[in-house]
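The values are calculated or read from the model by the stated rules, or taken from the named source; none is laboratory data. What you are looking at is a predicted structure, and each value in this text was computed from that prediction instead of being measured. Reconstructed Cβ throughout: ideal geometry from the backbone, glycine too, with neighbour counts over all protein chains shown. Side chains are part of the model used for accessible areas, which takes the heavy atoms of the whole protein and leaves out ligands, DNA and RNA. Shrake-Rupley method; radii C 1.70, N 1.55, O 1.52, S 1.80 Å.
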Amino acid sequence: MKLKLLILAVCLIVLSAFSAVSVNAHPYCGRFFVHGHYNRHGRWIPPHWTHRHWIPGHRNPYGRWIHGHCA
């Protein structure tokens, strides 16, 4: 009975340790200020703050690997 309890405890400890580790860790991208500008359709876009988002690593249309980055 004690052996079963020990095995259960070890399994729970291992499970909690692996679930606490983030495999998608990346730096915080933050916000940046966009100055007022005209878009490609000629419409005025007023100045504003916007958030950057994390883009995971991927291949571009030419097959070259691009590392994860903020955009």
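If the condition is being out of contact with any Lys or Arg (no Cβ under 6 Å at 6 or more places or on another chain) and of a type in the set (A, V, I, L, M, F, W, C), then region 22-64 contributes 23, 25, 32, 33, 34, 44, 45, 54, 55.
So which residues in region 25-36 are open to solvent by less than 70 Å² (accessible area, probe 1.4 Å) and assigned to a strand (DSSP E or B)? Before you say what the answer is, go through the steps one by one.
From region 25-36, those open to solvent by less than 70 Å² (accessible area, probe 1.4 Å) are 29-30, 34, 36; that's our starting set.
Selection gives 34 alone.
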